[in-house]
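Chemist: Structure in structure tokens, see below.
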């Protein structure tokens, strides 16, 4: 839509320019006191309007932070960027909310500063791939900079798994890319990526296996992995601890949060089975599985790969619930 008088309004605001950094130097926030100096920094501005009390804003924040890292990290003070990624507290800043006709949260707008045209974000999802696609459609010259994504996580498959896990204190997550909590595992603001920077775990070699996208069948068979997500911690060449790998609990089997991983790491020396089970060899693992299968304990030891299809059904139901909640959240009362 066109806003004929927007340039006159924002230029009349003789206010000091200031950018705040909430999480990283690439997160740019502005408010009612610096609208014009902020928006004139780039022809295009992709703006996230949020509210502190909005639960869906909290859920969206990691995707926005990753988007900011992609597009704001490659900007130079000597050149005008093709696009800048911005955020503003829409409840606290009434003037900027009125300029962009904001009446719900979160809201996303793309401003062409030259034409004063504003585009509403029209994708069904607000995940990072959808955000990038929207920007590329509207601003083809804006290219995300992936060079700043330097991960401490090693990505494994059958070809490098054995070599990587010969290193002492190696932690390996087995997950599926469609699981809601793990779909963006490769981006810096994912909790698992952040965990690698935790001062208490600098001695640990962090790795991840994306089971549905790499060749890992031999390793899964070797360690009898039958649930995702799950993990194995390799203390040394002979001792390893498995957690959440054999779970058949319909309520908790797809749950492995970073908080769970941190709790696991803080209880490595515990023999309590709630924190996993230690093995001193593959043969001891196989013996344990046979013993428990003979003891008629299918709730703990399932057929390898049995949970994958069931977990897909669970995730699909969760997606439907999320979409329904999203509709309710945006109904104006």
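Chemist: What residue, of 51, 45, 68, is in the same structural domain as residue 83 (by TED's automatic domain parsing), in contact with a strand residue (DSSP E or B) (Cβ under 8 Å, 6 or more places away or on another chain) and farther than 22 Å from residue 98 by Cβ?
Modeler: Of 51, 45, 68, the one residue that is in the same structural domain as residue 83 (by TED's automatic domain parsing), in contact with a strand residue (DSSP E or B) (Cβ under 8 Å, 6 or more places away or on another chain) and farther than 22 Å from residue 98 by Cβ is 68.
Chemist: Among the numbered criteria (1) closer than 26 Å to residue 126 by Cα; (2) more than 20 Å from the chain's Cα centre (by Cα), which single criterion is violated by residue 161?
Modeler: (1)
Chemist: Next question. Given the conditions (1) surrounded by 22 or more Cβ atoms within 10 Å (Cβ to Cβ); (2) at pLDDT below 95, and given that residue 60 satisfies all but one, which numbered condition is not satisfied?
Modeler: Answer for residue 60: the failing condition is (1).
Chemist: Consider residue 176 carefully, then state whether it is buried (at least 19 other Cβ atoms within 10 Å of the Cβ), more than 26 Å from residue 29 (Cβ to Cβ) and modelled with pLDDT of 90 or more.
Modeler: Values: buried (at least 19 other Cβ atoms within 10 Å of the Cβ): yes; more than 26 Å from residue 29 (Cβ to Cβ): yes; modelled with pLDDT of 90 or more: yes.
Yes, satisfied.
Chemist: Another question about this same structure. Would you kindly identify the strands (runs of 3 or more DSSP E) lying entirely within the range 175-281 that contain at least 1 residues that are in the same structural domain as residue 163 (by TED's automatic domain parsing), in contact with a helix residue (DSSP H, G or I) (Cβ under 7 Å, 6 or more places away or on another chain) and free of Cβ contacts under 8 Å to residues at least 40 places away in the same chain?
Modeler: Details: elements: 205-210, 230-234, 240-243, 277-279.
In the range 175-281, 240-243 are the strands (runs of 3 or more DSSP E) which contain 1 or more residues that are in the same structural domain as residue 163 (by TED's automatic domain parsing), in contact with a helix residue (DSSP H, G or I) (Cβ under 7 Å, 6 or more places away or on another chain) and free of Cβ contacts under 8 Å to residues at least 40 places away in the same chain.
Chemist: Separate question: Are any residues in the range 138-152 modelled with pLDDT under 95 and either farther than 30 Å from residue 122 by Cβ or outside any loop (DSSP other than H, G, I, E, B) (or both), and if so, which ones?
Modeler: If the condition is that a residue be modelled with pLDDT under 95 and either farther than 30 Å from residue 122 by Cβ or outside any loop (DSSP other than H, G, I, E, B) (or both), then 146, 147, 148, 150, 151, 152 are the ones that fit.
Chemist: Give just the number: which of (1) at pLDDT 90 or above; (2) farther than 19 Å from residue 118 by Cβ; (3) crowded, with 19+ Cβ neighbours inside 10 Å does residue 28 not satisfy?
Modeler: So the condition that residue 28 fails would be (2).
Chemist: For residues in the range 110-133 being closer than 27 Å to residue 194 by Cβ and free of Cβ contacts under 8 Å to residues at least 60 places away in the same chain, which is surrounded by the most Cβ atoms within 10 Å (Cβ to Cβ)?
Modeler: Residues of the range 110-133 that are closer than 27 Å to residue 194 by Cβ, as a first pass: 121, 123, 125-133.
Of the ones still in play, those that are also free of Cβ contacts under 8 Å to residues at least 60 places away in the same chain are 121, 123, 125, 129-130, 133.
Numbers: 121: 18, 123: 13, 125: 12, 129: 12, 130: 14, 133: 13.
Here the residue is 121.
The values are calculated or read from the model by the stated rules, or taken from the named source; none is laboratory data. The structure presented is a predicted model; accordingly, all values stated were derived computationally and were not measured. Every residue, glycine among them, receives a Cβ derived from its backbone with ideal geometry; neighbour counts consider all protein chains shown.
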